[in-house]
Amino acid sequence: MIYRTLFVFVAIIALAACQPQKKEINYPKTDLVAAPLIPKPVKTIATQSAFGLDAQTAIYTSTNDPAFEAVGQFLSEKIKGKTGLDLAVNNTSDATVERLIFINQSDSTDLATPESYQLYIKKDSILLNAKTAEGAFRGIQTLRQLIPEQSNDTLTDHPLWVIPSGKIMDAPKYAYRGSMLDVSRHFFSVDEVKKYIDAMAYYKMNTLHLHLSDDQGWRIEIKSWPKLTEVGGATEVGGGEGGFYTQEDYKDLVAYAAKHHITIVPEIDMPGHTNAASVSYPFLNGNGKKVEPYTGTQVGFSTFDAQKDTVYSFLDDVIGEIAAMSPGPYFHIGGDESHVTKKSDYILFIEKVEKIVQKHGKRMVGWNEIAQAKIDPSTIAQLWSNPKDAENAAANGSKIIMSPAHKAYLDMQYDSLTKFGLHWASYIPVDVGYNWDPETIVENLPKESILGIEAPLWSETISNIAELEYLAFPRLIGYAELGWSPTEHLNWEDYKERLAKQAAYLEKMNINYYPSKLIDWKKD
Ligand code: TNX
């Protein structure tokens, strides 16, 4: 099969080379190494020539895996959006084709991870090698970023987009590169989350954690417990109307994320942060008080009753329904700030819920507090506050997701003048968000224990997409680079020049970014 694909590739190149009408184009000198790519690739070699993208360019992919064809289609759509060119995918009968982009499934041992890719850009062809469609998808983001905003109309008699030639060998540092949206404190619609996914994918992030429940709102329809959304979904911080995803909405989001090779990690926060669930079904409540809807921003006052069997049957249904709609490997159980749960109850609860998550075929993830319980080594702890918890979890064999609040929380204000956001952990200007090393943030953490990094965006202070984007951008782009690029490439001075050049993309995407004065933004 591979040989057949390669044969098709070679044959097409030969065919293209024989085209009588083909004219040599005198490309200007280019420098692939200087391209403002984010995340910065592992290895880049420039060959100073160029590939001219124009209407005579076609896209071909390996056809043995339909997912590769889908990556080709995705690239074609994005090229159309950026340049207006409508490039055919796998149409071998077009005789006008002069240049090719070939997305090739390769079993080369140089492709060490599923997301690794190699990009060879020459005058007449671009070859993208990847072992998996996921790797190919990461590779085409690099290609998208290399296409200039403006065409060059002086080289030929028609518009042509000049892509610098050379070689890129690339692979991620961490397998998990994510962000979290808190859709509970304020609800965000399916389309708003999709827009966030678009930007995450462009910067090669691969995981979106959705914080689907909290004291102020329950956001995911559970068919066996309908009041969760009927009652618990109708509130949010500040008294707004809330909202929730139907199961169809959620599946739509999961599918959209999958098309972008992004995994959704659903979170139902418990045993604390559960007021909205307990308002819907008061038997769940374990704090001994009458439950009322809550639209404030305090934390730590609610808890499930860890002693009741019915609580666990309820959770079996909830986790089961969500797990069945979530193809990713993870289920996040929260576990943070359970200040009114007795410690022994907390431990009992985490250990019981871990079994339920595993029964439904998922790997449990929880905020660092879960390390107080005897968790399974397959369970993942997400560091946000206490480094000791991360150390303990790692010593027990667990992997750690790094989200230290003082470095990685997107809801921290940039400075004291930022209109939205909080500053309980720190102010996080754009450079501070970029300048930290996930490997040294916890003293005694072996680097093999780090699964990756995640930038959470809590939504107590933001109630619409413009506010959400103002906090997330441009810092999210820095976290994407921290999660992907090798440590030796991480350099603020170099990064800020590349970040400056993201303005054109952010503006085209209509993303409301914070125009930090640390950056000399370049809009074209
Ligand atoms: C702490 S981080 C929380 C959230 C808040 C956030 C605000 C974590 C696991 N818990 O409940 O929204 O701070 O920054």
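The values are calculated or read from the model by the stated rules, or taken from the named source; none is laboratory data. Just so it is clear, the structure is predicted and the values come from calculations on it, not from any experiment. Positions of Cβ are backbone-derived with ideal geometry, glycine not excepted, and every protein chain shown enters the neighbour counts. Ligands, DNA and RNA are stripped out before the accessible areas are found, and what is left, the full protein with its side chains, is counted by its heavy atoms. Shrake-Rupley method; radii C 1.70, N 1.55, O 1.52, S 1.80 Å.
A few points about this structure:
- Debye, to nearest 20: dipole size of the stretch 2-170, +1 on Lys, Arg Cβ, -1 on Asp, Glu Cβ: 300
- The angle between the Cα long axis of helix 343-359 and the main principal axis of the chain comes to about 50°, on a 0 to 90 degree scale.
- Estimated FRET transfer efficiency (residue 310, residue 227; beta-carbon r; R0 22 Å; 0.05): 0.90
- Carbon/sulfur fraction of accessible area - the chain, other protein chains in place, 1.4 Å, %: 53
- Selected from 452, 208, 106, residue furthest toward positive end of dipole (the chain; charges at beta carbon): 106
- Per-residue SASA remark: residue 316, around 40 Å² accessible (1.4 Å probe; ligands, DNA and RNA not included).
- For the set 352/399; 359/447; 173/374; 308/342, the pairs lying more than 22 angstrom apart at their alpha carbons are 359/447; 173/374.
- Based on the Kirkwood approach, the hydrodynamic radius assigned to the chain is 24.3 Å, with every pair of different Cα atoms included.
- Cα shape, the stretch 2-170, gyration tensor, a/c 1.5 rule: oblate
- Full-stretch length increase - residue 344, residue 290 - with 0.36 nm per residue and alpha-carbon distance subtracted: 17.1 nm
- The calculated FRET efficiency for the pair residue 158 and residue 31, based on their C-beta separation and a Förster distance of 22 Å, comes to about 0.35.
- Partner lysines whose Cα lies under 19 Å from the Cα of residue 223, excluding those fewer than 8 positions away in the same chain, are identified as 251.
- Take 155-161, 88-94 and order them by the average number of nearby Cβ atoms within 10 Å per residue, most first; the result is 155-161, 88-94.
- Around residue 77: net Lys/Arg minus Asp/Glu count, Cβ-Cβ under 11 Å: +4
- On full extension, the segment bounded by residue 175 and residue 435 gains 91.6 nm, given 0.36 nm per residue less the C-alpha separation.
- For the peptides 300-307, 500-507, the ranking by packing is 300-307, 500-507, with the highest mean count of neighbouring Cβ atoms within 10 Å listed first.
- The order of the peptides 199-209, 219-229 by mean Cβ neighbours within 10 Å, most packed first, is 199-209, 219-229.
- The label-point distance for residue 426 and residue 464, in a model that sets each label 7 Å from Cα toward Cβ, rounds to 3.2 nm.
- Cα-centre dipole for the stretch 101-185 with unit charges at Cβ (Lys and Arg positive, Asp and Glu negative), debye to 20: 260
- For the chain: accessible area per residue (Å², 1.4 Å): 39
- Residue 417-residue 94 pseudo-label distance in nm [points 7 Å out on the Cα-to-Cβ vector]: 5.0
- Contour minus Cα-Cα distance for residue 299 and residue 524 (0.36 nm per residue): 76.6 nm
- Mean separation of Cα contacts under 8 Å, 6 or more apart, over the residue count of the chain: relative contact order %: 13
- Over 31 Å between alpha carbons, listed pairs 29/496; 167/388; 122/508: 167/388
- Between helix 190-202 and the chain: long-axis angle, C-alpha atoms, 0 to 90°, nearest 10: 50
- Between 0 and 90°, nearest 10: helix 133-146 axis offset from the chain longest Cα axis: 60
- Of the residues 306, 294, 169, the one whose Cα sits farthest towards the positive end of the charge dipole of the stretch 164-320 is 169 (charges of +1 on Lys and Arg Cβ, -1 on Asp and Glu Cβ, taken about the Cα centre).
- The charge dipole of the chain, taken about the Cα centre with unit charges on the Cβ atoms of Lys, Arg (+1) and Asp, Glu (-1), comes to about 920 debye, rounded to the nearest 20.
- Helix-only CD estimate at 222 nm, as mean residue ellipticity for the chain, using -39500 (n - 2.57) per DSSP H run (n ≥ 4): -9500 deg cm²/dmol
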